[in-house]
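Participant: Can you keep this structure in mind? I'll have questions shortly.
The values are calculated or read from the model by the stated rules, or taken from the named source; none is laboratory data. Quantities reported herein were computed from a predicted structural model and do not represent experimental measurements. Every residue, glycine as well, gets a Cβ built from its backbone with ideal geometry; the counts of neighbours run over all protein chains shown.
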Amino acid sequence: MQPLKDPVCGMTVTVRSPQVVDYQGKPVYFCSARCKAKFAADPTHYAAPPSDVAARRTAMPAAAAGIEYTCPMHPEVRQDHQGLSPVARPKVNIRTR
């Protein structure tokens, strides 16, 4: 069975997931009812092609060594580069220590 990605949080899901919606004639699978509801509320936000997301990430300036970035909505998300949070998709902010 081919693993898929939940378009909201990025978690790996399978076609066995009970959380599924039909979007533009294709099934979209989710890890939870919450992610499914977020997608249903704004599908165009979450259905952006991966190439669009990659382009936005590469457009971000490089981080200086030693700087850590965190998601304002999920402080457990930490990255060594500026970009989009893999959980909530807002831009991550510099973490103050």
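Participant: Of everything in segment 2-29 that's in contact with a Pro (Cβ under 8 Å, 6 or more places away or on another chain), among the hydrophobic types (A, V, I, L, M, F, W, C) and not in a strand (DSSP E or B), which residue is modelled with the lowest pLDDT?
Facilitator: Applying the filter and picking the extreme gives CYS9.
Participant: Quick check on my filter: what residues within segment 1-29 are of a type in the set (D, E, K, R) and in contact (Cβ under 8 Å) with a residue 12 or more places away in the chain?
Facilitator: ASP6, ARG16
Participant: So for segment 34-48 (the condition being at pLDDT 85 or above and either farther than 17 Å from PRO7 by Cβ or part of a loop (DSSP other than H, G, I, E, B) (or both)), does at least one residue qualify?
Facilitator: Within segment 34-48, one or more residues are at pLDDT 85 or above and either farther than 17 Å from PRO7 by Cβ or part of a loop (DSSP other than H, G, I, E, B) (or both).
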